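Participant: Next up is a structure, given as structure tokens.
The values are calculated or read from the model by the stated rules, or taken from the named source; none is laboratory data. For clarity, every value in this text was computed on a predicted model and none was experimentally measured. Cβ coordinates were reconstructed from backbone atoms using ideal geometry, including for glycine residues, and neighbour counts include every protein chain displayed. Side chains are part of the model used for accessible areas, which takes the heavy atoms of the whole protein and leaves out ligands, DNA and RNA. Shrake-Rupley method; radii C 1.70, N 1.55, O 1.52, S 1.80 Å.
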Amino acid sequence: MQVELRNIHKFFGPVHANRGITLTIPAGTIQGLLGENGAGKSTLMKILSGFIRPDHGEIWLDGRRASFRSPADALRQGIGMLHQDPLDFPPMRVLDNFVAGSPGGLLPNKEDARQALLSISQQFGFALDPDAYVDTLTVGERQQLEIVRLLWLGARVLIFDEPTTGISAQQREKLFAALRRLADEGRTIIFVTHKLEEVQALCHRVAVLRSGELVGEAQAPYDLDRLVEMMFGKVITVGRAEPVPHGEPVLELEDLAVEDHRLTIQGVTLTIHAGEVVGLAGMEGSGQRRLLRAAAGLIRPTGGRVRFLGRDMTGRPYLDFHRAGAAYIPADRMTEGLFPDLTIREHVALAREQTGFLLNPEAMQSWAREAIEAFSIRGRPETPARALSGGNQQRLLLALMRPQLRLIFMEHPTRGLDIESALWIWGKLKERCRHGTAIFFMSSDLEELLNYSDRVLVFFGGRVTRPLPADELDVERLGQLIGGYGFDEVALDRPTAPAATEGAHA
Amino acid sequence: MNEHMTWRETVLYRGGAVLLALVLTSLVIWVSSPQTPPWEVLGLVFRGAFSTPAQGGVSWSKIADVLVAWIPMLLAAAGLLVTFAAGLWNIGVEGQIVMGAVFTTWVLRALQDSSTPPALILTLAIAAGAVGGSLWALLVGLLRTYGGVNEIFGGLGLNFVATTIVLWLIFGPWKRPGIGSMSGTEPFPPELHLPTWGATRLSPVALAIGLGGMAVAYVLLKGTYFGLRLKAVGNNPRAARLMGMRPARYMLLAFGLGGALVGLAGAVQVTAVYYRLIPAISSGYGWLGLLVCMLVGYDPTWVPLVSLFFAAINIGSIQLPIVLSLDSSLAGVIQGTLVFSFLFTEGLRRTVLRRRLRASAAS
């Protein structure tokens, strides 16, 4: 089935997630959809599979205009989507799951369904036991069940959202073989990913999204550098900041391990010195955020030790880190950083040392004025945080940091900000570094990582590189590492066996 | 994004809300009593708050009755403001009034035959009411912070438990000599009643407790570091944590403090209104306090005035069964539709605002 998207727009509040995307996918192809997190891939695919409606634009299937009222409606018209987290019913048996979504009335014919399940599975070499419980299946097997189910329900377009996260190498090979076969049979496959090597290995063609826009398309064989450039944008080098002399160790990670339901990071050993800046690179969801949070005491590491200012702080809560002179600045300013309904004045008062029991309105007013002036915040003392623009929210967050910090943890220090604000914010941060504050941050902006870090760690598919001096890297090399190319040469560990990892979580 | 209302929007939405409430109430009146025009009924309710239909003119005893109803509502609303500031839905407010009344009764019963001076007994009893409400609320808080039970369910469940405890006390250990009855426990001797003003039912001490409780909540929330932190925790507990606060601790404090204010309402009902423990000791004032808070958007400034208005409706509707043979529960209809209408128009305003925002973003 040929799929055509015409000028698709989607807004979430003030966020313009899809900006006029037009894309034609011929029948029988494996179409890659490449882009960073937040580029708009998932939104676009949710529109195509009927989960959400576009605010503007049209979908055409085999030359006919289509519109979907629901995912079930989209599936009736031939479009099925496999989500990143399988949307099945874990406490049920495989066969019941298989039948649950079918339009079969009150009493589904289970015998027919069993036959269909077995015969479709056999075609693709899947070994699914109809009577097993779904929660005993691995992520890969649950994916197989979902593929078989969608095919049985007549899907002619199959959308895969990051399907290779959390499955073993053998299951990945099986999946790729199945996808090639489905394409040969004339079905259309859309493969959403951020892994360059998978695009290279599997996709006939690829479309790249960045900040909600379709920035380019390419056909196999691919020019890797061009794909990296399309994903991350044109590279302008601002010039590296001058190095800051480093002092005594501030944060020491020793063989640190973190995990979530889909990946395990092990063996991170790193010492950050006073005045030093260390950046974490990688696609979102590669583990860098968990590592940063574990290092700050916000989540418990699953192994290894954390020392802060020479003291063993492993397993201690964030509050202890905070008291000892650390601050954690989250990426999501409205859900974790600021108090949306509180004014600038109230924020500033909260951030300061308490004096007495009663608030002093005049003092609060003048503190707020000082902060607004010193941090060039466009707002008044009585403006609530939610009414500020993203850049001004970030400035307010910086204004709230205590003066004598030893270590700042930061997620995406300048995400969503204009260049001028970004430069200004790093100016403020580097000023702190000159006074001995260390910065440990993650970012998806390659230039930011290269320009401001002393060393960079790259995360990919559950693995980490050793700390790489930033001046030995350039944007191309960093982009390739993030996409998994040439990773083994600089990896910190031997490759972990994905099958073993998966077994632990199944 | 301009979220402040212009005066025109204020008139449109707030005025619209009042109008909507009047229309809905009239509809209910029309259905239940088609022969009386709705405005006559509403007029009677409002006049009834200040005068008796038989005599006409301003009746001081009526006004005193309104204030008597105002006090527990004020205290319940004050306590709820504290928990709302911390972002908590204290649905257990009714149970906290009841447990406040139980603790007060307990102290009065324990000391009424001793030689302790009555003033001291009353002081201790009222303080015990605050403690009772506070402990009952803290139970909800502990269930939430350590047991993972949402405060709405915990509070709702404990309301039923509190009611059951009162019934058990009235028909069991605290029953009147002879046989227990729905009329409550044995009334306390007159020296253990809070003194009233002249021939009215209004006690100046109770009024002082009500206004004092409200003042405490107001100052706490508007003028202290503690109140500011409470607001911060309520607005965004995750940000509060990253700023070095302990959200769970502040939530517990909010429950403890809010519960104490609510418990005072129960204490006042025992020592100044019923002079004994009765099964319906809370008289629904907790729910009314909740409605008041929702109507004013949880801003302490307007709580005294709006709860006074609600109290007036309550007293005014007492006339209804006598004069028009309509049920006095019409008061609840007026109060409920008002809150509903305000919430509805507020939701409408936000939707319109969002639409306008999206339209301007798309163009």
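Participant: Restricting to segment B:146-194, name every residue that is without any contact (Cβ under 8 Å) to a residue 60 or more places away in the chain and outside any helix (DSSP H, G or I).
Facilitator: If the condition is that a residue be without any contact (Cβ under 8 Å) to a residue 60 or more places away in the chain and outside any helix (DSSP H, G or I), then B:Gly148, B:Val149, B:Asn150, B:Gly172, B:Pro173, B:Lys175, B:Arg176, B:Pro177, B:Gly178, B:Ile179, B:Gly180, B:Ser181 are the ones that fit.
Participant: Pairs under 7 Å by beta carbon, first residue open to solvent by 60 Å² or more (accessible area, probe 1.4 Å) in segment A:193-205, partner in a loop (DSSP other than H, G, I, E, B) and modelled with pLDDT of 80 or more, six or more apart or different chains?
Facilitator: Here the result reads A:Glu197/A:Gly483; A:Glu197/A:Gly484; A:Glu197/A:Tyr485; A:Gln200/A:Tyr222; A:His204/A:Thr29; A:His204/A:Ala220, each pair linking segment A:193-205 to a residue that is in a loop (DSSP other than H, G, I, E, B) and modelled with pLDDT of 80 or more.
Participant: For segment B:243-281, give me each residue that is open to solvent by 10 Å² or more (accessible area, probe 1.4 Å), touching a residue at least 12 places away in the same chain (Cβ under 8 Å) and not in a helix (DSSP H, G or I).
Facilitator: Within segment B:243-281, B:Met245, B:Tyr275, B:Arg276, B:Ile278, B:Pro279 qualify.
Participant: Turning to a different aspect of this structure: Quick check on segment A:14-22. Is at least one of its residues away from every other protein chain (no Cβ under 13 Å) and not basic (Lys, Arg)? Give the steps one after another, and end with the answer.
Facilitator: To start, the set of residues in segment A:14-22 that are away from every other protein chain (no Cβ under 13 Å) comprises A:21-22.
Going one step further and asking which of them are not basic (Lys, Arg), we end up with A:21-22.
Within segment A:14-22, one or more residues are away from every other protein chain (no Cβ under 13 Å) and not basic (Lys, Arg).
Participant: Within segment A:283-317, restricting attention to residues that are among the charged types (D, E, K, R) and assigned to a loop (DSSP other than H, G, I, E, B), which residue is least open to solvent (accessible area, probe 1.4 Å)?
Facilitator: For segment A:283-317, the residue satisfying everything is A:Glu284.
Participant: Among the numbered conditions (1) over 22 Å from A:Leu417 (Cβ atoms); (2) in contact (Cβ under 8 Å) with a residue 24 or more places away in the chain; (3) within 14 Å of chain B (Cβ to nearest Cβ), tell me where A:Ala327 comes up short.
Facilitator: That leaves (1) as the condition not met.
Participant: Now a separate question. Among the residues of segment A:341-369, which ones are small (Gly, Ala, Ser) and at the interface with chain B (Cβ under 9 Å from one of its Cβ atoms)?
Facilitator: Across segment A:341-369, the qualifying residues are A:Ala349, A:Ala351, A:Gly356.
Participant: Determine, yes or no, whether B:Leu207 is open to solvent by less than 40 Å² (accessible area, probe 1.4 Å), closer than 19 Å to A:Glu353 by Cα, touching a residue at least 60 places away in the same chain (Cβ under 8 Å) and aliphatic (A, V, I, L, M).
Facilitator: No, not satisfied.
Participant: So is B:Val292 part of a helix (DSSP H, G or I), open to solvent by 20 Å² or more (accessible area, probe 1.4 Å) and hydrophobic (A, V, I, L, M, F, W, C) or not?
Facilitator: Criteria not met by B:Val292.
Participant: Could you check A:Met231 against (1) modelled with pLDDT under 85; (2) open to solvent by 80 Å² or more (accessible area, probe 1.4 Å) and say which number it fails?
Facilitator: Failing condition for A:Met231: (2).
Participant: Moving on to the next point. Looking at segment B:22-65 only, could you name the residues that are more than 30 Å from B:Ala199 (Cβ to Cβ), assigned to a helix (DSSP H, G or I) and not aromatic (Phe, Trp, Tyr)? Steps first, please.
Facilitator: Taking segment B:22-65 as the starting set, the residues that turn out to be more than 30 Å from B:Ala199 (Cβ to Cβ) are B:22-40.
Now narrow it down to the ones that are assigned to a helix (DSSP H, G or I): B:22-32, B:38-40.
Of everything in segment B:22-65, those that are more than 30 Å from B:Ala199 (Cβ to Cβ), assigned to a helix (DSSP H, G or I) and not aromatic (Phe, Trp, Tyr) turn out to be B:Leu22, B:Val23, B:Leu24, B:Thr25, B:Ser26, B:Leu27, B:Val28, B:Ile29, B:Val31, B:Ser32, B:Pro38, B:Glu40.
Participant: A follow-up question, please. State all residues of segment A:318-336 that are of a type outside the set (Lys, Arg), within 15 Å of B:Ala239 (Cα to Cα) and in a helix (DSSP H, G or I); if no residue qualifies, say none.
Facilitator: A:Tyr318, A:Leu319, A:His322, A:Met334, A:Thr335, A:Glu336
Participant: If you don't mind, another one. Among the residues of segment A:354-399, how many are free of Cβ contacts under 8 Å to residues at least 24 places away in the same chain and farther than 15 Å from A:Leu338 by Cα?
Facilitator: The number of residues fulfilling the criteria is 18.
Participant: Considering each residue of segment B:294-322, count those that are in contact (Cβ under 8 Å) with a residue 60 or more places away in the chain, within 15 Å of B:Gly332 (Cβ to Cβ) and in contact with a Ser or Thr (Cβ under 9 Å, 6 or more places away or on another chain), and give that number.
Facilitator: Matching residues across segment B:294-322 total 4.
Participant: So which residues in segment A:24-58 are open to solvent by 10 Å² or more (accessible area, probe 1.4 Å), part of a strand (DSSP E or B) and touching a helix residue (DSSP H, G or I) at 6+ places or on another chain (Cβ under 9 Å)?
Facilitator: A:His56, A:Gly57
Participant: Name every residue in segment B:216-242 that is farther than 20 Å from A:Pro340 by Cβ, more than 9 Å from every other protein chain (Cβ to nearest Cβ) and open to solvent by 40 Å² or more (accessible area, probe 1.4 Å), in order of residue number.
Facilitator: B:Val216, B:Tyr218
Participant: What about B:Pro204, is it out of contact with any Ser or Thr (no Cβ under 9 Å at 6 or more places or on another chain), more than 8 Å from every other protein chain (Cβ to nearest Cβ) and not polar (S, T, N, Q)?
Facilitator: No; evaluated as a whole, the condition is false for this residue.
Participant: Can you tell me which condition A:Ala349 does not meet? The list is (1) open to solvent by 30 Å² or more (accessible area, probe 1.4 Å); (2) more than 26 Å from A:Leu270 (Cβ to Cβ); (3) at pLDDT 90 or above, and all the others hold.
Facilitator: Condition (1) is where A:Ala349 drops out.
Participant: Please go through segment A:402-419 and pick out each residue that is open to solvent by 20 Å² or more (accessible area, probe 1.4 Å) and within 11 Å of another protein chain (Cβ to nearest Cβ).
Facilitator: A:Arg402, the sole residue that qualifies.
Participant: Of the residues that sit in segment A:243-264 and are closer than 14 Å to A:Val306 by Cβ and among the β-branched types (Val, Ile, Thr), which one is farthest from the chain's Cα centre (by Cα)? Give the steps one after another, and end with the answer.
Facilitator: The first filter runs over segment A:243-264 and keeps only residues closer than 14 Å to A:Val306 by Cβ, leaving A:249-258.
Subset that is among the β-branched types (Val, Ile, Thr): A:250, A:258.
Numbers: A:Val250: 28, A:Val258: 16 Å.
Selected residue: A:Val250.
Participant: Got a sec? Which of B:Ile71, B:Ile121, B:Ile152, B:Ile91 is within 18 Å of the chain's Cα centre (by Cα) and either under 21 Å from B:Gly212 (Cα atoms) or surrounded by 24 or more Cβ atoms within 10 Å (Cβ to Cβ) (or both)?
Facilitator: B:Ile71
Participant: Let me ask another. Based on this model, can you work out whether B:Ile29 counts as open to solvent by less than 10 Å² (accessible area, probe 1.4 Å) and modelled with pLDDT under 95?
Facilitator: yes
Participant: Name every residue in segment A:370-398 that is aliphatic (A, V, I, L, M) and within 13 Å of another protein chain (Cβ to nearest Cβ), in order of residue number.
Facilitator: If the condition is that a residue be aliphatic (A, V, I, L, M) and within 13 Å of another protein chain (Cβ to nearest Cβ), then A:Ala385, A:Ala387, A:Leu388, A:Leu396, A:Leu397 are the ones that fit.
Participant: Looking at A:Asp73, A:Asp62, A:Asp55 in this structure, which one is among the acidic types (Asp, Glu) and within 14 Å of chain B (Cβ to nearest Cβ)?
Facilitator: Numbers: A:Asp73 fails: within 14 Å of chain B (Cβ to nearest Cβ); A:Asp62 fails: within 14 Å of chain B (Cβ to nearest Cβ).
Selected residue: A:Asp55, the only one of A:Asp73, A:Asp62, A:Asp55 that is among the acidic types (Asp, Glu) and within 14 Å of chain B (Cβ to nearest Cβ).
Participant: Next question. Counting only residues that are part of a loop (DSSP other than H, G, I, E, B) and under 18 Å from A:Arg262 (Cβ atoms), how many does segment A:116-147 have? Steps first, answer last, please.
Facilitator: Of all residues in segment A:116-147, those part of a loop (DSSP other than H, G, I, E, B) come to A:125-132, A:137-138.
Keeping just the survivors that are under 18 Å from A:Arg262 (Cβ atoms) gives A:137-138.
Selection size over segment A:116-147: 2.
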